[in-house]
1. Just order 139-149, 59-69, 116-126 by mean Cβ neighbour count inside 10 Å, highest at the front, would you?
2. Using amide H atoms built in the peptide plane, which far-off residues or other-chain residues are under 5 Å from Leu83 H to H?
3. Using just the Cα positions, wrap the range 29-162 in a convex hull and report its mean projected area in square nanometres, one decimal place.
4. 5 Å is the cut-off here: which amide hydrogens, built 1.01 Å from N in the peptide plane, fall below it relative to Val133, excluding neighbours closer than 5 in sequence?
5. What is the percent carbon and sulfur in the accessible area of the range 37-162, measuring with a 1.4 Å probe over the protein chains and ignoring ligands?
6. Any of Lys50/Lys88; Lys50/Lys117; Lys52/Lys76 with alpha carbons more than 22 Å apart? Name them for me.
7. Among 77-83, 109-115, how do they line up from the highest to the lowest mean number of other beta-carbon atoms within 10 Å?
Amino acid sequence: MRKILKTKMGLMFVALICFSSCTRKPKSVATPTVPPNELIVTSLGGHTLKIKDFVMGAGDVKAERGHYMKVHYVAKGPKNQVLQSTYKAQPYVFRLGNDETIPAWEYGLLGATVGTKRRLIVPSPLAYDDVGVQGLVAPNEVITFDIEVIAISDQEIEQKSL
């Protein structure tokens with residue numbers, strides 16, 4: 001029963017990543033350059049997004065709007081509690097710049113390459129705002145995403161079952 005509940009909550013969380021992006025769009029901004037192990041603090045629509053690379057990817061293609069991305073991620077709450085992880089499930093596949101994910105990801109993943117491991121510390125207006133995600137993310141909560149880029153392509157990436 002717990003496993004079914006966790007699966008349902010996980011699907012709801014991913015659905016809300018997609019849904020919340022439909023209501024808020026970040027303005028056009030330049031691609032961030034993130035030196036390894038340095039914290040980049042940027043203002044996006046008046047809200048502070050923190051970006052930190054732990055591993056610089058070795059891929060030739062830098063993520064830009066229009067690219068399809070396949071990533072694994074761990075979402076953590078303000079007390080560092082794990083809210084969701086794709087590492088025991090399927091990676092998340094989306095098209096960058098197509099409003100298929102939250103605004104922080106739309107901006108925070110620009111310039112990443114395959115193999116990049118990046119942390120985004122996201123204020124609520126760039127994630128789930130005052131709505132939250134029932135049972136996972138409280139309204140107005142800061143979320144930390146640790147993201148590993150698995151694939152980037154200008155062609156659609158298939159979501160394969162495990």
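1. On the way: 139-149: 18.9, 59-69: 16.2, 116-126: 21.1.
Averaged packing, sorted descending, gives the order 116-126, 139-149, 59-69.
2. Here Ala75, Lys76, Gly77 satisfy the definition.
3. Details: hull surface 32.3 nm².
Its average projected convex-hull area is 8.1 nm².
4. Ala138
5. Summing carbon and sulfur atoms, their accessible area is 46 percent of the total for the range 37-162.
6. Values: Lys50/Lys88 26 Å; Lys50/Lys117 14 Å; Lys52/Lys76 15 Å.
Correct reply: Lys50/Lys88.
7. Details: 77-83: 10.7, 109-115: 20.6.
So the order, starting with the most tightly packed, is 109-115, 77-83.
The values are calculated or read from the model by the stated rules, or taken from the named source; none is laboratory data. What you see is a predicted model; the values in this text were computed from it and never measured. Every residue, glycine among them, receives a Cβ derived from its backbone with ideal geometry; neighbour counts consider all protein chains shown. To get the accessible areas, we keep the full protein, side chains included, count just its heavy atoms, and leave off ligands, DNA and RNA. Shrake-Rupley method; radii C 1.70, N 1.55, O 1.52, S 1.80 Å.
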